[in-house]
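Visitor: First the structure, which I've put down as structure tokens, then a few questions once you've had a look.
Any read-out appearing in this document is the output of simple, stated calculations on the displayed coordinates, not a laboratory observation. What you see is a predicted model; the values in this text were computed from it and never measured. Using ideal geometry, Cβ is built from the backbone for each residue, glycine included, and neighbour counts are taken over all protein chains shown.
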Amino acid sequence: MAEPTPIRSAADLAALRNRLAGEFGRFGKRILICSTGCRALGAADLGAAFREKVSEAGLTDEVAVVETGCHGLCAMAPVIVIEPADIVYGGVKVKDVAEIVERTVRGNEVIDRLCYEKDAAFAHLSSIPFYRHQVKQVLRRCGRLDPKRIDEAIARGAYTGAAKAVTEMTPEQIIQEVTEARLRGRGGAGFPTGMKWTFCRQSSGDDKYLICNADEGDPGAFMDRALLEGDPHSVLEGMIVAARAIGTNHGFVYVRAEYPIAVEHINRAVADARKYGLLGEGILGTDMSFDIEVREGAGAFVCGEETALIASLEGHRGMPRPRPPFPAVSGYDAKPTDINNVETFANVPLIIENGAAEYASRGTEKSKGTKIFALAGKVNNTGLVEVPMGTTLRQIVHDVGGGVPAGRTFKAAQTGGPSGGCVPAEHLDMPIDYDSLREVGAIMGSGGLIVMDDRTCMVDIARYFLSFVQQESCGKCSPCRVGTRKMLDILNRICEGDGRPGDAEELERIGNTILRSGMCGLGLTAPNPVLSTIRFFRDEYDAHINEKRCPACVCEALITGYCIDPETCIGCGNCIKACPADAIVGKKKEPHQIKPEVCIRCGACFAVCPTSAVLKESKGLEAKATAV
């Protein structure tokens, strides 16, 4: 394939876009296959299978097979979308391909068993609640194009905003537009982006740097990863605009090495943007020069903090630095540096292209635009969600997420990653924005949202997240290094049945000390899971400490035994096979029994029961098993 001709002006870009739009628009139908996250369930083989069957059907000139980024509904993976009708199929396997090509692509017939809820009434994007209740702005191209092809991105509007910023706007006008849009950083703290750019532009020095923070380390979070995998050019475009605004020639994308697909796609996007002259010298025929280098991080959670990230970029151990001076004054190589995360940069082209007023028309008074969440945990529709700021937790969990699995009730949602807080059911109707979350002891964070049902032990949850934060602490400041260790020791004792009167108060005392004295964002938010669960679920702490009882029957040390419900036991024998102590007896297809004097309380039977017949007992309480 011949090297592309560099784009020398905004007019050249517009002409190229029109030509490419015609080329990509010649197909009557397109089969869009999620080939990023869905690879884990076999999507890697679907592209070749669809191309083969489309060819065999003689439809090559009419039907395009496109391997895309995430479609969002991970609960149905692997997911495909068939345009122009936007038919959505989930759980697609290679053996389904021939039928899909024949019945749906050729015959315009819907296959019920592959639809959402296995019902043809939910065959289309617009009819599926998960999609219907979203507003896709930043994710508008994710799942709609091949992220490895810059031509397709340009055909669908990429770099329009960058061209306008570079050729028509002064740096001051760009910053004013972003400021008026009231874009706040999507990396966690929600600092006003326009203000950060202003500080960096006003800092003296000939050399300045721009960094994209793609070190997404929250358990269960994959917003930035999905953007880099599914639409990397939206991030590069935002960086070009930011570089023009602050006045820099040098940019970095710092992405964790555990994201191999994201690393591959962003490297390819950078290389292709250079070939088109969108990066490098004389961008779009102007005197602007700007290039980007991709660096891979080793996966330290603390490197998501901007000064620790800068230290890692410089080749040092990733540890935070005291502030001030802030990076906007003295950052990478002691030069003025602006750092924004992936989602923040991807918002920028929307503002430049459509204007601040249009952008600010969504969201709340103090939190504008949309927010991407990684919806995970005890919810039916897990996946990638984009909704306007101010959408309530109930709308996200129940309308978009489809609620918790049948028979269970919503208990809490952990927002903001491991150093976020747990929002209880009493706040389900609270609008989700930076300020509202802070009022209930939680944070927005980068957008992780983990749903918990009534089987969740909130003390154990607090212990889990604090354990993660404690292990990831760099150890530089004693409040975080020592304080989180002491808090974790107390939580371990409580969950092991050795809780003591005053433990909850001691956790609060230590936690509040860390909140006031930690050096970086990790330390300053580390106690949030503990403090928020004590605030809203104090009764569970009291039960663990005073009664040596786990109300949710989760903490193994407080489990007094197991029994089998004869009404739901089907006599499958799975528990008998799994029991290492031969404590279970019973005939095939008849209810089984556990001999309490032999049971060692290992939980093996609980893990393998297919009908939730095995029950846990804790001080006379019983909790049904989770069906596996």
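Visitor: Going by how many other beta carbons lie within 10 Å of each one, how would you line up Thr286, Thr415, fewest first?
Guide: In order of increasing Cβ crowding within 10 Å: Thr286, Thr415.
Visitor: Another question about this same structure. Along the Cα→Cβ direction, 7 angstrom out, place labels at Asn546 and Asp119. What is the inter-label distance in nm?
Guide: 4.6 nm
Visitor: Between Rg and the Kirkwood Rh of the chain, both from Cα atoms, what is the Rg to Rh ratio?
Guide: Computed over Cα atoms, the ratio is 1.00.
Visitor: How far is it, in nm, from the label point at Glu180 to the one at Leu41 when both lie 7 Å from their Cα along the line to the Cβ?
Guide: 4.5 nm
Visitor: Can you sort His316, His250 from fewest to most other Cβ atoms within 10 Å of each residue's own Cβ?
Guide: His316, His250
Visitor: State the volume of the convex hull built on the alpha-carbon positions of region 559-624, expressed per residue in Å³ and rounded to an integer.
Guide: 71 Å³
Visitor: Can you tell me the dipole magnitude for region 559-624 around its Cα centre, using point charges on the Cβ only (Lys, Arg +1; Asp, Glu -1), in Debye to the nearest 20?
Guide: With Lys and Arg at +1 and Asp and Glu at -1, about 140 debye.
Visitor: Same structure, new question: Within the set of other residues whose C-beta is less than 15 Å from the C-beta of Lys368, count the net charge using Lys and Arg as +1 and Asp and Glu as -1.
Guide: So the surrounding residues net to -2.
Visitor: Output the antiparallel fraction of DSSP beta bridges having both residues in the chain, as a percent to the nearest 5.
Guide: Expressed as a percentage, antiparallel bridges in the chain total about 60.
Visitor: Please compute the net charge surrounding Thr286, taking Lys and Arg as +1 and Asp and Glu as -1 over other residues with Cβ under 13 Å from its Cβ.
Guide: -1
Visitor: Separate question: Measure nothing but the geometry: give the 0 to 90° angle between the long axis through the Cα atoms of 503-517 and the longest principal axis through the Cα atoms of the chain, rounded to 10°.
Guide: 20 degrees
Visitor: Quick one: length gained pulling Met195 to Ala406 fully straight, 0.36 nm per residue minus the C-alpha distance?
Guide: The Met195-Ala406 span can extend by a further 71.3 nm.
Visitor: Also, I was wondering about something else. Principal axis lengths of region 115-211 from Cα atoms, whole Å, largest first?
Guide: Principal-axis extents of the Cα atoms in region 115-211, largest first: 62, 33, 22 Å.
Visitor: Treating the angle as unsigned and between 0 and 90°, give the value, to the nearest 10°, between the Cα long axis of helix 458-472 and the longest Cα principal axis of the chain.
Guide: Computed tilt is about 50 degrees.
Visitor: Taking every pair of alpha-carbon atoms in region 458-553, what share in percent sits in each 5 Å bin, from 0 to the bin with the longest distance?
Guide: Answer for region 458-553: a P(r) of 2, 16, 28, 25, 15, 9, 4, 1 percent.
Visitor: Could you run the Karplus curve 6.51 cos²θ - 1.76 cosθ + 1.60 with θ = phi - 60° over region 65-71 and give me ³J(HN,Hα) per residue in whole Hz, x for Gly and Pro?
Guide: Whole-Hz 3J(HN,Hα) from phi for region 65-71: 10, 10, 8, 10, x, 5, 8.
Visitor: Oh, and also: Which cross-chain or sequence-distant (5 or more) residues have an amide H under 5 Å from the amide H of Gly377, H modelled 1.01 Å from N in plane?
Guide: Val451
Visitor: Please work out the Kirkwood hydrodynamic radius for region 157-359, using every pair of different C-alpha atoms, and report it in angstroms with one decimal place.
Guide: Hydrodynamic radius (Kirkwood, Cα only) of region 157-359 equals 16.6 Å.
Visitor: To continue, here is another question. Assuming R0 = 56 Å, can you tell me the calculated FRET efficiency for the pair Ala57 and Ala298, based on Cβ-Cβ distance, to the nearest 0.05?
Guide: For R0 = 56 Å, the calculated efficiency reads 0.75.
Visitor: Something else now. How do Ile510, Ile246 rank when sorted from fewest to most other Cβ atoms within 10 Å of their own Cβ?
Guide: Lowest to highest Cβ neighbour count: Ile510, Ile246.
Visitor: Moving on to the next point. Based on alpha-carbon positions alone, could you give the equivalent ellipsoid semi-axes of region 1-91 from the gyration tensor, as √(5λ), descending, whole Å?
Guide: Equivalent-ellipsoid dimensions as semi-axes: 28, 17, 13 Å.
Visitor: Calculate the FRET efficiency for Lys164 and Glu496 from the Cβ-Cβ distance with a Förster distance of 51 Å, rounded to the nearest 0.05.
Guide: Efficiency at R0 = 51 Å is approximately 0.25.
Visitor: Also, quick follow-up: Using a basic spin-label model with each label point 7 Å from the Cα along Cα→Cβ, how many nm lie between Lys595 and Val94?
Guide: Taking the two extended label points, one gets 4.9 nm.
Visitor: Between the helical axis of 46-56 and the dominant principal axis of the chain, each derived from Cα atoms, what acute angle in degrees is found, rounded to the nearest 10?
Guide: 60 degrees
Visitor: How large is the charge dipole for the chain, taken about the Cα centre, if only the Cβ atoms of Lys, Arg (+1) and Asp, Glu (-1) carry charge, to the nearest 20 debye?
Guide: Result for the chain is approximately 620 debye, rounded to the nearest 20.
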